[in-house]
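What follows is calculated from the coordinates using simple rules that are stated; it is not laboratory data. Fair warning: this is a prediction, and the values are worked out from it, not measured in the lab. Heads up, the Cβs are rebuilt from the backbone with ideal geometry, glycines too, and the neighbour counts pull from every protein chain shown.
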Amino acid sequence: MMAIVSPSLLAADFLHLEKDIEMINKSGADWLHLDIMDGMFVPNISFGFSVLDAIAKVLDKPMDVHYMTMRPEDYIERTAKLGAKSMNVHIEACGERLPDIIRRIHTAGMKAAVTISPDTPVEAVRPYINDVEMVLVMSVYPGFGGQKFIEATIGRIHALRNMISECGSKALIEVDGGVGASTAPRLVKAGCDALVSGSYIFKADNPIEVIDSLKQLTL
Ligand SMILES: O=C(CO)[C@@H](O)[C@H](O)COP(=O)(O)O
Ligand SMILES: [Co+2]
């Protein structure tokens, strides 16, 4: 099976977003990854619903929305209204509200992904592993694009892959941060199903070819 590729729009040219969305539509990308930040959960602010609404009108691919916010549950219905495929919420932000948030994401008709930052043990997702469609593993500290890949992520992906098979879960593993030519093949080998990649794709001379090269990585 080919890797799922989800380009992260954070690295796009925000003055010419339409051009980048058209490129994504033409490309072999499976999803479009959209990073929402609130300046509280992470020390940065990205973009909000006025931008998401505009994107939704021209985008042909499913939206993979990554909430780096303290209260993602406040936006479940609006995210579903956009037509988003999945909502990725951080375990560190949701705490004990997580089971209810997962239920509400499903009721709104979306797939739910539980997301873990680099310092959160992989074991923290075990209680939810049969309830979510995906686990998003951060391979950088969330908040900014263009950071260096944290090598310890490879071991974390192996551990998560083992947990998923032990528990008979169908959850996909997605990885986010510093994914490029030297890291993507090792991540897929370790058991990743889906690769989020921002700078490596959008800063390339030929982003469509880069997306294809990531897709060629077989699971
Ligand atoms: O969620 C985030 C950052 O917080 C990511 O989705 C980044 O946007 C990935 O960018 P690169 O590391 O691939 O440049
Ligand atoms: Co992201």
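Starting from the Cα of Glu209, move 7 Å in the Cα-to-Cβ direction to define the label point; list residues of the range 13-40 whose amide nitrogen is under 18 Å from there.
It comes to 23-24, 26-29, nothing else.
For Phe202, what is the net charge nearby, where nearby means another residue's Cβ is under 12 Å from its Cβ and Lys, Arg count +1, Asp, Glu -1? Could the numbers behind the result be given before it?
On the way: positive: Lys19, Lys203; negative: Asp13, Asp20, Asp205.
Charge balance near Phe202 sits at -1.
So what's the gap between the Cα centers of the range 193-218 and the range 1-72, to the nearest angstrom?
15
Take the Cβ-Cβ distance between Arg103 and Leu15 as r, set R0 to 35 Å, and report the resulting FRET efficiency rounded to the nearest 0.05. Don't jump to the answer; show the numbers that get you there.
On the way: r = 40 Å, r/R0 = 1.13.
So, using R0 = 35 Å, E works out to roughly 0.30.
Run through the DSSP bridge list for the chain and note the antiparallel percent, rounded to the nearest 5. Don't skip to the end; give the middle numbers.
Values: 2 of 34 bridges.
Bridges in the chain are about 5 percent antiparallel.
What order do you get for 156-164, 168-176 when each peptide is scored by the mean count of other beta carbon atoms within 10 Å, highest first? It would help to have the intermediate numbers written out before the result.
Working: 156-164: 18.3, 168-176: 20.1.
Those peptides, ordered most packed to least, come out 168-176, 156-164.
Around Val135, under 15 Å between beta carbons, what's the net of Lys plus Arg minus Asp minus Glu among the other residues?
Values: positive: Lys111, Arg126, Arg156, Arg161, Lys170; negative: Asp64, Glu92, Glu123, Asp131, Glu133, Glu166, Glu174, Asp176, Asp193.
Around Val135, the surrounding residues sum to -4.
Just want the answer: with Cβ charges of +1 for Lys and Arg and -1 for Asp and Glu, which residue in Asn162, Phe144, Met87 is farthest toward the dipole's positive end in the chain?
Asn162
Between Asp131 and Gln216, how many nm apart are label points set 7 Å from Cα along the C-beta direction?
Label-label distance for Asp131 and Gln216, simple model: 4.2 nm.
Run the numbers on the range 4-216 and let me know its relative contact order in percent, using alpha-carbon pairs under 8 Å that are six or more apart. Walk me through the numbers before you get to the answer.
Details: 410 pairs, mean separation 46.9, N = 213.
Relative CO of the range 4-216 lands at 22 percent.
Could you tell me the convex hull volume per residue, in Å³, taken over the Cα atoms of the range 4-216?
Working: hull volume 23.1 nm³, N = 213.
That works out to 108 Å³ per residue.
Set the Förster radius R0 to 25 Å, insert the Cβ-Cβ distance between Cys167 and Glu96 as r into 1/(1 + (r/R0)^6), and round the FRET efficiency to 0.05.
Numbers: r = 21 Å, r/R0 = 0.83.
Plugging the Cβ-Cβ distance into 1/(1 + (r/R0)^6) gives 0.75.
Using the per-residue mean of other Cβ atoms lying within 10 Å as a proxy for protection, in what order, highest first, do the peptides 9-19, 106-116 fall?
Working: 9-19: 14.8, 106-116: 19.5.
The densest-packed peptide leads the list: 106-116, 9-19.
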